[in-house]
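Enquirer: The structure is given below, and queries will be raised subsequently.
The values are calculated or read from the model by the stated rules, or taken from the named source; none is laboratory data. For clarity, every value in this text was computed on a predicted model and none was experimentally measured. Ideal geometry is used to build each Cβ from the backbone, glycine not excepted, and the neighbour counts take in all protein chains shown.
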């Protein structure tokens, strides 16, 4: 699809008075529409600064990267690609690059309608949503670590609700939803503004009711009330998130596209909503809005033929870290004065970082995976996981013959240097790339799917005071709020299920987490500095390792009903396989077919399977999938 321009239209509808209207089209000439009544255009400078890239799926040796919006295109940046430092040799073509200081950027000018005043309320709602999600995630971690302390959980939850209430009241007092669009607001603008004002005027009352529910609840019912309040907050997160949607028909901009190619072939494109990177700062605003403008971000590039809307569809062809800004040209000098703490614009389109780079120690904790039914391509899945970050890569051991491999592995990248200071990565953690294979060969045909996970970033001053064991040193009844705050910077980070997809379909999930910990030059010994190769070890820390227990799995293969696949005799030709983790249970051979029913000679089977276990239902249950398939005993084919 190629953008060719904008079309200004005005639609009107009228009630038909004729009882039998004629279906004919009529046209007439109308006066020209004047768009200056509702907005005015301005000149924007769009600048994209790539710093480094990894997991670039190409066999080329040189890359080109550029940006475009509508019919406008930036200058092209070129560089050389390198092969990552790999713990194991892989047949997949994966490259990386890192640009050298001073960093050159892509830039171009574009004239677009200036609707920034309308987006003030949207970004305020995005800030509220991000804050609520962060607090709820931390609270769920508090529930997991202290599952039996309902009284402390209620105290923490009341503080979270109160903080959300305070933020919303501050936004109303600061008139975040009152905007004057020059020279005139449309009817749609007026109606939206009135709706938002009415919604957020009623929202504090809902939050007050949630606080009152926790205060007035009896102790024996506190557990249920906490769950109800958490569910209600999650509903509000989804509701406010939908209100902040920036997909407006009348104010829509063309999508911003980042293009990456290697050796003359397209690698992928990254399609972005340009409004998210706007610089909203202006002289009349008392408070600045936090947008993605010039914030370090990991941009996921997808193949040109990808039409999926989900971010983790498995079509990723590259991940590039960089900054992007859209600034009104006359406000650029003020924008440069704001970002001068970490960035120095030594020349137009030429940047210097302060500090130039930061050193990190990277840990990747990989416990297990569960392959979705039908996700593997073979009866037996000899799976392993490949991890890629920056200029390094490493693979887990191969776990033979199982749909639920348990690796209990720790991958360590001892020496990772990233451009810029720690502050760039605390706001937007970098992405770790994953490749899941069902064979030791790591060939393209053995690829189950790909995924990515955001890493936990720990600064050096918090590294020694953020472990799991120290989280409760202040006592249970004295400082529950301090314990809650400390859980935001835990090391090692708790495990979570990361989706692995291919061509838009979820194929598997991996239970894992990853972190990068800032280290100083003084804290590095000579031996550590020499060990730049990735290290693979066994043994996830006990603080985050799931509890594994033996379970007895029993199954009765009663038979197949309403079976209409074949009219031939089925005696001895069919059997059922049930797989769960390392366990495979099989039925006996099938009996003769009776109408549309097939039974089995041996109907009962049992075995022992190892799986994770949690006593508390509300805690994470790392369940293992159960897969059932029908086998043709003669041909061996599944159905």
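Enquirer: Regarding the stretch 111-128, can at least one residue be identified that is surrounded by fewer than 16 Cβ atoms within 10 Å (Cβ to Cβ) and touching a strand residue (DSSP E or B) at 6+ places or on another chain (Cβ under 6 Å)?
Expert: Yes, the conditions are met somewhere in the stretch 111-128.
Enquirer: So which of 157, 196 ends up being surrounded by 18 or more Cβ atoms within 10 Å (Cβ to Cβ) and within 30 Å of residue 219 (Cβ to Cβ)?
Expert: 157 is the lone residue from the list that is surrounded by 18 or more Cβ atoms within 10 Å (Cβ to Cβ) and within 30 Å of residue 219 (Cβ to Cβ).
Enquirer: Out of the stretch 599-626, which residues are modelled with pLDDT of 80 or more, more than 15 Å from residue 550 (Cβ to Cβ) and part of a strand (DSSP E or B)?
Expert: 600, 604, 605
Enquirer: Moving to a separate point now. Determine which single condition residue 207 fails, assuming it passes every other condition in (1) modelled with pLDDT under 85; (2) in contact with a helix residue (DSSP H, G or I) (Cβ under 7 Å, 6 or more places away or on another chain); (3) crowded, with 16+ Cβ neighbours inside 10 Å.
Expert: Condition not satisfied by residue 207: (1).
Enquirer: Something else about it: Tell me which residues, restricted to the stretch 429-466, are more than 21 Å from the chain's Cα centre (by Cα), assigned to a loop (DSSP other than H, G, I, E, B) and farther than 20 Å from residue 94 by Cα.
Expert: Result: 459, 464, 465, 466.
Enquirer: Out of all the residues in the stretch 415-452, which are closer than 19 Å to residue 49 by Cβ and touching a helix residue (DSSP H, G or I) at 6+ places or on another chain (Cβ under 8 Å)?
Expert: Selection gives 418, 422.
Enquirer: I've got another one for you. Give just the number: which of (1) under 26 Å from residue 134 (Cα atoms); (2) not assigned by TED's automatic domain parsing to the domain that holds residue 320 does residue 275 not satisfy?
Expert: Residue 275 satisfies every listed condition except (2).
Enquirer: How do the strands (runs of 3 or more DSSP E) wholly within the stretch 49-158 filter down when requiring 1 or more residues that are over 28 Å from the mean Cα position of the chain (by Cα) and farther than 30 Å from residue 330 by Cα: which remain?
Expert: 62-69, 77-80
Enquirer: Does residue 432 fit the bill of being farther than 20 Å from residue 512 by Cα, touching a residue at least 40 places away in the same chain (Cβ under 8 Å) and surrounded by 21 or more Cβ atoms within 10 Å (Cβ to Cβ)?
Expert: In short, no.
Enquirer: Does residue 108 satisfy being surrounded by fewer than 19 Cβ atoms within 10 Å (Cβ to Cβ), touching a residue at least 60 places away in the same chain (Cβ under 8 Å) and in the same structural domain as residue 48 (by TED's automatic domain parsing)?
Expert: Here the answer is yes, as residue 108 does meet what is asked.
Enquirer: Name the single residue that is farthest from residue 102 (Cα to Cα) among those in the stretch 386-428 being free of Cβ contacts under 8 Å to residues at least 60 places away in the same chain, touching a strand residue (DSSP E or B) at 6+ places or on another chain (Cβ under 6 Å) and part of a loop (DSSP other than H, G, I, E, B).
Expert: Across the stretch 386-428, the extreme among qualifying residues is 405.
Enquirer: Please determine whether any residue of the stretch 196-212 is assigned to a helix (DSSP H, G or I), assigned by TED's automatic domain parsing to the domain that holds residue 161 and over 33 Å from the mean Cα position of the chain (by Cα).
Expert: So the first thing to find is which residues in the stretch 196-212 are assigned to a helix (DSSP H, G or I), and the list is 196-212.
Those left that are additionally assigned by TED's automatic domain parsing to the domain that holds residue 161: 196-212.
Those left that are additionally over 33 Å from the mean Cα position of the chain (by Cα): 212.
Yes, some residue in the stretch 196-212 is assigned to a helix (DSSP H, G or I), assigned by TED's automatic domain parsing to the domain that holds residue 161 and over 33 Å from the mean Cα position of the chain (by Cα).
A quick yes/no check of all residues on (1) under 26 Å from residue 112 (Cα atoms); (2) buried (at least 18 other Cβ atoms within 10 Å of the Cβ); (3) at pLDDT 90 or above:
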| position | (1), (2), (3) |
| --- | --- |
| 281 | yes, yes, no |
| 285 | yes, no, no |
| 289 | yes, yes, no |
| 300 | yes, yes, yes |
| 307 | no, no, no |
| 319 | no, yes, yes |
| 327 | yes, yes, yes |
| 330 | yes, no, yes |
| 336 | yes, no, yes |
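Enquirer: Please go through the stretch 183-193 and give me each residue that is exposed (fewer than 11 other Cβ atoms within 10 Å of the Cβ) and in contact (Cβ under 8 Å) with a residue 24 or more places away in the chain, ordered by number.
Expert: Passing the criteria: only 183.
Enquirer: Consider residue 167 carefully, then state whether it is outside the structural domain of residue 273 (by TED's automatic domain parsing), within 30 Å of the chain's Cα centre (by Cα) and touching a residue at least 12 places away in the same chain (Cβ under 8 Å).
Expert: yes
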